[in-house]
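Please treat every number below as a calculation from the coordinates, not as lab data. All values reported here derive from a predicted model rather than from experimental measurement. Here the Cβ positions follow ideal geometry from the backbone for every residue, glycine too, while neighbour counts run over all protein chains shown.
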Amino acid sequence: MSEVLHKYLPEHAVIPCFELIKMNHVHLKIVKERQTRHGDYRRHPDGFHQITVNASLNKYRFLITLIHEIAHLVAFEKYGRTILPHGPEWKHTFQRLMIPFINPQIFPHQLLPLLARHFKNPKASSDTDATLALALKQFDERDTEKNYIFEIPYGSVFRFKNGKVFKKIAIRVKRYECMEVQTGKMYLFNPNAEVELLPS
């Protein structure tokens, strides 16, 4: 397992992650990309702990996702199955498990202050922290055909990953209001959503 982890994690995170996996009896499955989630944790009826993480994640996002899911397991085991999945018990557990990894041997210097801020009150998904999500995306294998929605001009027409075509209209607080061209319905997009810019 530790040889496999070398492919997906920063070098100095491999041994501590392997120890966490062993200590918590995790069956880790690395799976093809799912659009809706980076990873998940399931406890099977026989008590078997399974964590899945998307193989397509860059090594820093893979690490955050793996610890996020281990935190679910640890929090449920410690506080009981009735706690909220992303409630205070999970947040505290995630913070405690993640702190040893937030150091310059593991993460690039430019990510450290963003991670420190994020982990003061971790969210259900790091994608909802737009600043951190954008910083993490720098390390993705980038599809040059894609743009981030915050980069394209207002009035631009773009295709989203679900195949639907939208027009960028306005910004509302931290998200962008876009109109689906076919129906005229309005939708909100995170600034770091990847889209394909279409000729207008």
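Of the GluC sites (Glu not before Pro) found in segment 1-57, those that fall in a DSSP loop while having at most 15 other beta-carbon atoms within 10 Å are Glu33. With contacts taken as Cα pairs under 8 Å at a separation of at least 6 residues, segment 2-137 carries a relative contact order of 19 percent.
For a paramagnetic label modelled on Ile171 (point 7 Å from Cα along Cα→Cβ), amide N atoms under 14 Å away belong, within segment 124-138, to 130-131.
Where does each of Thr93, Thr65 land when they are ranked from fewest to most other beta-carbon atoms within 10 angstrom? Could you put the intermediate results ahead of the total?
On the way: Thr93 24, Thr65 21.
Ranked by crowding around the Cβ, least crowded first: Thr65, Thr93.
Taking label positions 7 Å along the Cα-Cβ direction at both Tyr79 and Thr131, the computed distance is 2.6 nm, reported to one decimal. Once the C-beta distance of Lys185 and Tyr154 is scaled by a Förster radius of 25 Å, the resulting FRET efficiency is 0.85 to the nearest 0.05.
Once the chymotrypsin sites (Phe, Trp or Tyr not before Pro) in DSSP loops with at most 12 neighbouring Cβ atoms within 10 Å are cut out of the chain, the longest remaining piece is 49-153.
With respect to the cross-link table entries Lys137/Lys174; Lys78/Lys174; Lys91/Lys161, which display a Cα-Cα separation exceeding 24 Å?
Violating the 24 Å limit, Cα to Cα: Lys78/Lys174; Lys91/Lys161.
Let me make sure I get this right: for segment 123-200, a, b and c are the square roots of the gyration tensor eigenvalues over alpha carbons, sorted descending. Under 1.5 in a/c it's rounded, otherwise prolate if a/b > b/c, else oblate. Which is it? Judged from the Cα gyration tensor, segment 123-200 comes out oblate (a/c at least 1.5, b/c at or above a/b).
Enumerate the helices in the chain for which the Kyte-Doolittle hydropathy averages 0.0 or more and the C-alpha atoms extend at least 27 Å along the helix's axis, using complete DSSP H runs.
Values: long enough: 59-79 (29 Å, 0.44).
Helix filter hits for the chain: 59-79.
Where both bridge residues fall in the chain, DSSP classifies roughly 80% of the beta bridges as antiparallel. If R0 is 22 Å, the Cβ-Cβ spacing of Asn58 and Lys164 corresponds to a FRET efficiency of close to 0.25. For segment 98-153, the list of GluC sites (Glu not before Pro) that fall in a loop by DSSP and count at most 16 other C-beta atoms within 10 angstrom reads Glu141, Glu145.
Scan segment 1-79 for trypsin sites (Lys or Arg not before Pro) in coil per DSSP, keeping those whose Cβ has at most 10 other Cβ atoms within 10 Å, and list them by number.
On the way: sites: Lys7, Lys22, Lys29, Lys32, Arg34, Arg37, Arg42, Arg43, Lys59, Arg61, Lys78; in loops: Lys32, Arg34, Arg37.
Loop-located and lightly packed - Lys32.
Checking (1) 55, 37, 31; (2) 48, 35, 32; (3) 47, 39, 29 against the coordinates, the calculated Cα extents along the principal axes in Å falls under label (1).
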